[in-house]
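Novice: Right, I'll just put the structure down here and ask away after.
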Amino acid sequence: MGKHMVLVGGGHAHLTVLKNLEQFTGGGCRATVISRSAYHYYSGMGPGMLSGDYAPREIRFHVRKMTEDLGGRFIEDGVIRVAPGEQILYLKRGAPVPYDVVSFNTGSSVAFDTPAGPQVRSVFPAKPIENLLAAREAVRRHLKRGHLNLCVAGGGPAGIELSANLRSLVRKEGGRAEIVLVAGDRLLSTRPERRLKACVERELRRQEITVIEGRRLAALDEGRVVLSDGSTLQTDLVLLATGTRPSKFFRESGLATGDDGGLLVDETLRAVSHPTIFGGGDCIAFAPRPLAKIGVHAVRQNPILLHNLTAAVTGRQDYVKYKPQRTCLLILNMGDGRGVFVRNGLVFAGKTAFRLKNHIDRGFMKKFQVSGEAG
């Protein structure tokens, strides 16, 4: 029997491998995909799902069906520990899974510890993306009762897009809401472009969103949020977009990790501590240089992982390197059919920017929605 390749997570960086899974299964290799959900949602279109511009079926991939159609085995579960010496994956519910080669694309979670209890029933972390669907339905339901106080925590691209699309949702529902974006130290603190910040600020004013800089979310309480200076805001619903962090199990399993706990990989996307382990997307720490947690890297890692996983299971070992681009196109979905475009110093806002983003996103979905998701 051939080698056993396991993919943990059906995220963006694994899509090309998944689409070409028959290349492995047809060649005598066993392939198993372990994912917490049968579907994977595309984060780039998540804010548009929040506003109702996209239906859930338009922004998701049917990972289970894609896997099984191409001869693989799908396990709906989560990995909680890796035993790299024995090459075994331990699952949350199911039996342990041995592997010859494994690749992780488990994404990340919001970097804020949400306490349990009734005070957080209306708190929605931006990841996993399915949470945004639940947030949309909660907003629609609460708007029937009258005016809402909505809070988004996080001043990066995700927080900005979620704030703007919350406003679009409220308008579509004919409701009224005060929306506050708690941006932390500064809006877009990781982006140096002054023109971009000014452009985004204009768009947020147009959407009647209040931006608070110099303070961050410190705690959640019933019906309010507590900020870092001790002040409070009354809230009916909170969306958390306060940065991301990988799963703890890499570090807890004794694998080499980066500062944030992500799986430390070399230029070939192979774990520096264990050559039978690979990874891509938000869950990795790229040893040559830090990478921004943006989808473009996961998307561009697709062909690298396909080639290098093939090299690993066949024994060729002709690995290729991932060479991240220095500058990346960024288009923010600012709601109401508008966007903010930035690349290489060019910054502009308007409907043209959103049309371009929509065209790129729908093209990406069409490429990988091969299992009847949109039907």
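The values are calculated or read from the model by the stated rules, or taken from the named source; none is laboratory data. None of the values given here were measured: they were computed from a predicted structure. Neighbour counts run over all protein chains shown; Cβ positions are idealised from the backbone, glycine included. Ligands, DNA and RNA are stripped out before the accessible areas are found, and what is left, the full protein with its side chains, is counted by its heavy atoms. Shrake-Rupley method; radii C 1.70, N 1.55, O 1.52, S 1.80 Å.
Novice: Determine which residues of the stretch 139-173 fall in the zone a paramagnetic label at Glu193 would reach in this model, i.e. backbone nitrogen under 16 Å from the point 7 Å along Cα→Cβ.
Specialist: It comes to 156-158, 160-161, nothing else.
Novice: Restricting to DSSP H runs of at least four residues, report the calculated mean residue ellipticity at 222 nm for the chain, -39500 (n - 2.57) per run over all residues, nearest 500 deg cm²/dmol.
Specialist: That calculation yields -8500 deg cm²/dmol at 222 nm.
Novice: Still on this model: Please state the charge dipole magnitude for the chain, taken about the Cα centre, from unit charges on C-beta atoms (+1 on K and R, -1 on D and E), reported in debye and rounded to the nearest 20.
Specialist: 920 debye
Novice: Test of understanding: in a Gaussian network model of the chain with alpha carbons linked when under 10 Å, which of Arg316, Arg30, Arg73 would top the mean-square fluctuation ranking?
Specialist: Evaluated over the chain, the most mobile residue of the options is Arg316.
Novice: What whole-number distance in Å separates the alpha-carbon centres of the stretch 312-375 and the stretch 44-72?
Specialist: About 15 Å separates the Cα centre of the stretch 312-375 from the one of the stretch 44-72.
Novice: Using the Karplus equation 6.51 cos²θ - 1.76 cosθ + 1.60 (θ = phi - 60°), what ³J(HN,Hα) coupling, rounded to whole Hz, does each residue of the stretch 289-298 give in order, writing x for Gly and Pro?
Specialist: 6, x, 10, 5, 7, 10, x, 4, 5, 4
Novice: Compute the acute angle (0 to 90°) between the alpha-carbon long axis of helix 351-368 and the principal axis of greatest extent of the alpha-carbon atoms of the chain; round to the nearest 10°.
Specialist: It is inclined by approximately 30 degrees.
Novice: May I pose another question? Suppose every K and R has +1 on its Cβ and every D and E has -1 on its Cβ; what is the size of the dipole of the stretch 18-163 about the Cα centre, in Debye to the nearest 20?
Specialist: In total the dipole reaches around 540 debye.
Novice: Then there is this: What is the gain in length, in nm to one decimal, between Asn20 and Ala83 on full extension, counting 0.36 nm per residue of separation less the C-alpha to C-alpha distance?
Specialist: 19.9 nm
Novice: How many nm separate the modelled label positions at Ala292 and Lys65, each set 7 Å beyond the Cα in the direction of the Cβ?
Specialist: 3.4 nm
Novice: So, one more: Using +1 at the Cβ of each Lys and Arg and -1 at the Cβ of each Asp and Glu in the chain, identify which of His14, Ile331, Thr67 lies farthest towards the dipole's positive end.
Specialist: Of the candidates, Ile331 comes out farthest on the positive side.
Novice: If R0 is 45 Å, what FRET efficiency do you get for Lys172 and Arg93 from their C-beta distance, rounded to 0.05?
Specialist: 0.70
Novice: Could I ask something else about it? In nm, give the distance between the simple-model label positions of Lys248 and Ala219, each being 7 Å from the Cα along the Cα-to-Cβ direction.
Specialist: My value for the distance between the label points is 2.1 nm.
Novice: Related question: For the ranges 226-235, 9-18, what's the packing order if you count other beta-carbon atoms within 10 Å of each residue, average per peptide, and put the highest first?
Specialist: 9-18, 226-235
Novice: A follow-up question, please. Given a 1.4 Å probe and every protein chain left where it sits, what share in percent of the accessible area of the chain is carbon and sulfur?
Specialist: Result for the chain: 49 percent of the exposed heavy-atom area is carbon or sulfur.
Novice: Of the GluC sites (Glu not before Pro) in the stretch 18-110, which ones lie in a loop per DSSP and count no more than 11 other C-beta atoms within 10 Å?
Specialist: Those satisfying the criteria are Glu86.
Novice: Continuing with this model, one more query. How would you order 358-371, 327-340 from highest to lowest mean count of nearby Cβ atoms within 10 Å?
Specialist: 327-340, 358-371
Novice: Something else now. Compute, for the stretch 289-350, the length of the dipole vector about the Cα centre, with Cβ point charges of +1 (Lys, Arg) and -1 (Asp, Glu) only. Units Debye, rounded to 20.
Specialist: Roughly 220 debye for the stretch 289-350.
Novice: Just the Cα atoms of the stretch 1-141, one point each, no solvent: what log10 I(q)/I(0) does Debye give at q = 0.17 Å⁻¹?
Specialist: -0.98
Novice: In nm, what is the difference between 0.36 nm times the number of residues separating Glu137 and Arg362 and their Cα-Cα distance?
Specialist: Going from the current span to full extension adds 78.6 nm.
Novice: May I ask which residue of Phe278, Phe341, Leu309 lies farthest towards the positive end of the charge dipole of the stretch 256-375, with charges of +1 (Lys, Arg) and -1 (Asp, Glu) on Cβ and the Cα centre as origin?
Specialist: Phe341
Novice: Could you work out how far helix 130-143 tilts from the main Cα principal axis of the chain, as a 0 to 90 degree angle to the nearest 10?
Specialist: 20 degrees
Novice: Among Leu227, Ala241, Thr257, which residue has its Cα positioned farthest towards the positive end of the charge dipole of the stretch 221-266, with +1 placed on the Cβ of Lys and Arg, -1 on the Cβ of Asp and Glu, and the dipole taken about the Cα centre?
Specialist: Ranked along the dipole, the leading option is Thr257.
Novice: Pick out which of Gln207, Gln325, Gln23 has the largest mean-square fluctuation in a Gaussian network model of the chain, springs linking Cα atoms closer than 10 Å.
Specialist: Of Gln207, Gln325, Gln23, the Gaussian network model singles out Gln325 as fluctuating most.
Novice: Picking from Leu181, Leu263, Leu346, which is most flexible by a Gaussian network model of the chain using Cα springs under 10 Å?
Specialist: Taking springs between Cα atoms under 10 Å, the residue moving most is Leu346.
Novice: Taking the solvent-accessible surface of protein heavy atoms with a 1.4 Å probe, what is the per residue accessible area of the chain in Å²?
Specialist: Ligands and nucleic acids excluded, the result is 44 Å² per residue.
Novice: May I pose another question? So if each residue of separation counts as 0.36 nm, and I subtract the Cα-Cα distance between Lys321 and Glu208, what length gain in nm does that give?
Specialist: Between Lys321 and Glu208, full extension yields 36.1 nm more.
Novice: Still on this structure: In nm, give the distance between the simple-model label positions of Glu267 and Ser228, each being 7 Å from the Cα along the Cα-to-Cβ direction.
Specialist: With each label point 7 Å from Cα toward Cβ, the separation is 3.7 nm.
Novice: Further question: So for the stretch 12-53, Kirkwood radius off the Cα pairs, Stokes-Einstein at 20 °C and 1.002 mPa s: how many µm² s⁻¹?
Specialist: 171 µm²/s
Novice: Would you mind calculating the relative contact order of the stretch 314-371 from Cα pairs under 8 angstrom and at least 6 residues apart, reporting the percent as a whole number?
Specialist: The value is 22 percent.
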